[in-house]
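FYI, it's all coordinate maths here, none of it is from the lab. From a predicted model like this one, the values you see are computed outputs, not experimental measurements. All Cβ positions, even for glycine, are placed from backbone atoms using ideal geometry, and neighbour counts span all protein chains on display.
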Amino acid sequence: MKFDTAIIGASSSGLYAAQLLAQGGQQVAVFERNAELAPSRRTLIVTPELSRVIHLPEAHVLHRIGRMAIVTAKKSVSIELREPDLIVERSRFSHLLRERAEQTGVNLYLGHRFQTIETHPMGAVIHFRTDDGETVQVIAEAVVGADGVFSNVARAVGIRREPTVPILQAEVELPKGWNPNITQCWFDADDSRFFYWLIPESDGRGVVGLVGDRQGETRYLLKRFLERNGFTPLAYQSAQVAMYHPRLRPWTKVGSVPVYLVGDAAGHVKVTTVGGTVSGLLGAKAAAHALLRNTSYACELRTLKRELDLHWLIRALMDRLDNRGYDSLVSAVTPRIQSFLSQYNRDAMAGVFWQLFLEPKLISAGLRCLVPRSPRRARYASSARLDTNGVE
């Protein structure tokens, strides 16, 4: 078999890149190691930027969030979102992208596990092993690795990968009286450098979750948070997420054949919120444009890289905050800052973030980020509890 571009991994970013390349006239194939394209269920909160990247049918929007509440040890603030965040379900979103890719003529091969990639006179030869034990060779003039956080493509071609972090969330019934228009985040630096969240996915149900650094600790902390706040887990959703770093270079060549990584394989994740749906699709678009226009992938990634670099810098500063620092930061959120955060979403900050430096109170609070925080008082010592911000 021979194709213009072989995409390894039927992830959201892989399927979207395939669709764009096929629309551009290429012969494209997607090779997926699993025998069925059935991603595990996971509730995702995404910015309205998603609808500007792709057309998202209304049937695929589970819910909308119009307010974001942020709670620290002693302070809280609420942000009204000018454009609501969207709640989508990962497996349904994946099936939508698959349908669109196949409608444009993309060939999808399931049960094909990537083995190696080598140079070939006609491009590169990629070796796969099928579920039946057969070896399949595919020749391609370009390769896109979209095979997730533990990318075998990255390992095979020698592209550096950054560490990953675990995400764990429990499906729950919303507390009595909880406003389903509100997502709430709790910051407790004694527990995690990240945060807890409650995201409604309907008027009656939602997910409570946590990002951590270690799997076992994250499970323990979430279990305790659920118990303290009276949540009964109905089911669990989990994932490992790649952590972006500005030094990542998700591209190389095998002979003369370009190899580009996209999505989690490329670390295209906002490390402030550990969200990668929109940024993964933007990376896929950059890869497709580079191949269709015969331009540099690095150049096509510039806009996305600026956005992800900003989030990396913010995360580096946030990691220095203790609970007092978070209290000061939230206290510095003036009505003008609330208006700013209402207007600009998390996927479109790079061009406007400088405006926050015009706020003296925020600058003062931000200086705390320049001083390393003291170590956690005690592992698993937390006071994070539900706040009335979410109840009306």
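Computed values, structure above
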quantity	calculated
Residue 119/residue 350 FRET efficiency (R0 35 Å; Cβ-Cβ; nearest 0.05)	0.40
For segment 148-187 versus segment 1-16, the gap between their alpha-carbon centres in whole angstrom	24 Å
Computed magnitude of the charge dipole of the chain (debye, nearest 20; Cβ of K, R +1, Cβ of D, E -1)	1240 debye
Size of charge dipole - segment 111-157 - debye, nearest 20, with Cβ of Lys, Arg +1 and Asp, Glu -1, no other charges	160 debye
Three principal axis lengths of segment 190-257 [C-alpha, angstrom, descending]	58, 31, 18
Length released on extending from residue 317 to residue 253, taking residue separation times 0.36 nm less the Cα-Cα span	19.6 nm
Diffusion constant of segment 152-202 at 25 °C, which comes from Stokes-Einstein with the Kirkwood Cα-pair radius and 0.890 mPa s, µm²/s	170 µm²/s
Order by protection proxy (mean Cβ within 10 Å, highest first), peptides 38-49, 182-193	182-193, 38-49
Nearest-0.05 FRET efficiency for residue 217 and residue 334, computed from C-beta distance (R0 25 Å)	0.10
Net charge over other residues, Cβ less than 14 angstrom from the Cβ of residue 35 (K, R count +1; D, E count -1)	-2
Compactness index (Cα Rg / 2.2 N^0.38 Å), segment 164-279	1.28
Between segment 50-93 and segment 273-304, the alpha-carbon center distance in angstrom	23 Å
Dipole moment magnitude, nearest 20 debye, segment 1-143 about Cα centre, only Lys, Arg, Asp, Glu C-beta charged	760 debye
Helix-derived mean residue ellipticity, 222 nm - over the chain, DSSP H n ≥ 4, -39500 (n - 2.57), to 500	-8500 deg cm²/dmol
Sorted peptide list for 208-214, 86-92, criterion being average Cβ within 10 angstrom, highest first	208-214, 86-92
Whole-number percent relative contact order across segment 55-126, with pairs defined as alpha carbons under 8 Å at least 6 apart	22 percent
Taking the chain and dividing mean pair separation by its residue count, relative contact order in percent (alpha carbons under 8 Å, at least six apart)	21 percent
Rounded if a/c under 1.5, otherwise prolate or oblate - the chain, Cα gyration tensor axes	prolate
Of 34, 130, 163, farthest towards positive along the dipole that unit charges on Lys, Arg, Asp, Glu beta carbons give the chain	163
